[in-house]
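Colleague: Below is a structure I'd like to ask you about.
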């Protein structure tokens, strides 16, 4: 017999144990445990009235807000999965996700109402979720979600075609959140400042589900701004937050006043590799341990993280999280010894159930229980993983393999460089040559010749970028990751 999901019961267990305890803060709103649990149950009954049934999908399209978290637990209460929709998507992209996930209900604003109507999906006004005077529904069977029910359908960025729906069940999320709680020794004393978007697994699982499971609370931050970010830290006193390298680079470069970081136990960096030099600068400047981690949505968000208390090794993404195995394999799938370069593979209860409606791609990605990441890495003798680059990003110049990350790390070593991205440019003779795009730190100027000379001092001649383009800023997606696809298109012109 399938066991019921403990995650779906979190709001109600919290309400029993600590009725008036803090649960969610969002702007001027603060929801205690009893209020949150009542809002979850009430919303779940409304979903049922709109036709959502166990096994269905509930979609939500909103900027970061408490309503997304409430919608997630309400979907689980009724045995449905949640698919979060990025509000920055075009109408056609939203309709694709609603249809592909077979959503029964869409929670959102007036734009969401029109999009739901266009594909025959029920709509629920997000502004009606909290602050309702309606009575709490009568006692019922409680949360219906089982451990093998789908919990989240997270859509990939779609850089290589139509986005794919990553299927994560309650057992995946249970394993992942337990792993994070153990690694970070989270307790009821912890407060997460939610910086990353809630349409991504990082925000939902690492930033929300894990601290709520540990008994802590969550502060939903508004859209990131370096001008107001430290005010939020000083006001809400979080113990941690998770962000992407771009956010840390901007904070380090643009913070001009002393800031009180004494509430922070640690901060986490993920989603993209972070230069070791930037990690060290941030830690020295703000006095907070910055732990870099690594993972994929297909692995329920995180698989390795540097220890908070143990040795942190900037330039690596840390050691395997509890309950997971991380290895490096050859192109034929054979395990490689420590110090060898190969594809990173992951095994554990956190590995996805598959891609929605794509059995062939699922079989290609998950083989013999191992999630094949498409990333090139090296694991040292102590188990620390260093990501070398994406396999598909490798540049082959006249038969020489070049990993863009190596050139990017060199560029980050120049004092004027804030961001750097290296891509391959087609070449009639050599096949491909490396081309760099750089954004400078505020108030600093640097020339192409200076940057190429800087690279020549540390890199083999064939790795030195053929061109360096200095820009005011580099293109990023809604999570804050650099978008190399656009740069490749520009380089190919």
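The values are calculated or read from the model by the stated rules, or taken from the named source; none is laboratory data. For clarity, every value in this text was computed on a predicted model and none was experimentally measured. Cβ atoms come from the backbone with ideal geometry, glycine included; neighbour counts cover every protein chain shown.
Colleague: Hey, residue 48 hits all of (1) under 22 Å from residue 35 (Cα atoms); (2) free of Cβ contacts under 8 Å to residues at least 60 places away in the same chain; (3) surrounded by 24 or more Cβ atoms within 10 Å (Cβ to Cβ) but one; which does it fall short on?
Modeller: Going through (1) under 22 Å from residue 35 (Cα atoms); (2) free of Cβ contacts under 8 Å to residues at least 60 places away in the same chain; (3) surrounded by 24 or more Cβ atoms within 10 Å (Cβ to Cβ) one by one, residue 48 breaks only (3).
Colleague: Then there's this: Any residue at all in segment 360-375 that is crowded, with 21+ Cβ neighbours inside 10 Å, assigned to a loop (DSSP other than H, G, I, E, B) and either modelled with pLDDT under 95 or in contact with a strand residue (DSSP E or B) (Cβ under 9 Å, 6 or more places away or on another chain) (or both)?
Modeller: No, that holds for no residue.
Colleague: Have a look at 204, 193 and point out the one that is surrounded by 24 or more Cβ atoms within 10 Å (Cβ to Cβ), in a strand (DSSP E or B) and assigned by TED's automatic domain parsing to the domain that holds residue 72.
Modeller: On the way: 204 fails: in a strand (DSSP E or B).
Just a single option satisfies the conditions, and that option is 193.
Colleague: Need a quick list: helices (runs of 4 or more DSSP H) entirely within segment 20-108 having at least 3 residues that are more than 24 Å from residue 358 (Cα to Cα), out of contact with any strand residue (DSSP E or B) (no Cβ under 9 Å at 6 or more places or on another chain) and assigned by TED's automatic domain parsing to the domain that holds residue 207. Explain how you work it out, then say what you get.
Modeller: On the way: elements: 33-49, 66-77, 91-100.
Qualifying helices (runs of 4 or more DSSP H): 33-49.
Colleague: Oh, and also: Only residues that are within 14 Å of residue 203 (Cβ to Cβ) and at pLDDT below 90: list them for segment 215-254, please.
Modeller: Correct list: 222, 223, 224, 244, 247.
Colleague: Among the listed residues 435, 351, which satisfies the condition of being surrounded by 19 or more Cβ atoms within 10 Å (Cβ to Cβ), under 24 Å from residue 326 (Cα atoms) and in contact with a strand residue (DSSP E or B) (Cβ under 8 Å, 6 or more places away or on another chain)?
Modeller: On the way: 435 fails: under 24 Å from residue 326 (Cα atoms).
Going through 435, 351 in turn, the sole match is 351.
Colleague: Which pairs turn up if I take residues in segment 341-359 that are assigned by TED's automatic domain parsing to the domain that holds residue 380 and look for partners that are surrounded by fewer than 20 Cβ atoms within 10 Å (Cβ to Cβ) and part of a loop (DSSP other than H, G, I, E, B) with beta carbon separation below 7 Å, at least 6 apart in sequence or on another chain?
Modeller: Partner pairs satisfying both residue conditions: 342/330; 342/336; 347/369; 348/323; 349/323.
Colleague: If you don't mind, another one. For segment 380-388, does any single residue satisfy the condition of being part of a loop (DSSP other than H, G, I, E, B), in contact with a strand residue (DSSP E or B) (Cβ under 9 Å, 6 or more places away or on another chain) and surrounded by 17 or more Cβ atoms within 10 Å (Cβ to Cβ)? Lay out the reasoning, then the answer.
Modeller: At the first step, the residues of segment 380-388 found to be part of a loop (DSSP other than H, G, I, E, B) are 380-384.
Remaining after also requiring in contact with a strand residue (DSSP E or B) (Cβ under 9 Å, 6 or more places away or on another chain): 380, 382-384.
Then keep just the ones that are surrounded by 17 or more Cβ atoms within 10 Å (Cβ to Cβ); that gives 384.
Looking for residues that are part of a loop (DSSP other than H, G, I, E, B), in contact with a strand residue (DSSP E or B) (Cβ under 9 Å, 6 or more places away or on another chain) and surrounded by 17 or more Cβ atoms within 10 Å (Cβ to Cβ), one finds at least one in segment 380-388, hence yes.
Colleague: What are the residues in segment 1-36 that are touching a residue at least 60 places away in the same chain (Cβ under 8 Å) and closer than 24 Å to residue 233 by Cβ, if any?
Modeller: Listed by number, the residues that qualify are 21, 22, 23, 24, 25, 26, 27, 29, 31.
Colleague: Related question: Being modelled with pLDDT under 85 and either part of a strand (DSSP E or B) or under 27 Å from residue 314 (Cα atoms) (or both), is that true of even one residue in segment 433-452?
Modeller: As a first pass, look at segment 433-452 and keep what is modelled with pLDDT under 85: none.
So far as segment 433-452 goes, no, none of its residues is modelled with pLDDT under 85 and either part of a strand (DSSP E or B) or under 27 Å from residue 314 (Cα atoms) (or both).
Colleague: Follow-up question, since we're still on this one. State which residue is nearest to the chain's Cα centre (by Cα) when the search covers only segment 262-287 and only residues that are closer than 10 Å to residue 308 by Cα and not in a strand (DSSP E or B). Before you say what the answer is, go through the steps one by one.
Modeller: Our first condition is that a residue be closer than 10 Å to residue 308 by Cα; within segment 262-287, this holds for 265-268.
From what's left, not in a strand (DSSP E or B): 265-266.
On the way: 265: 20, 266: 17 Å.
Result: 266.
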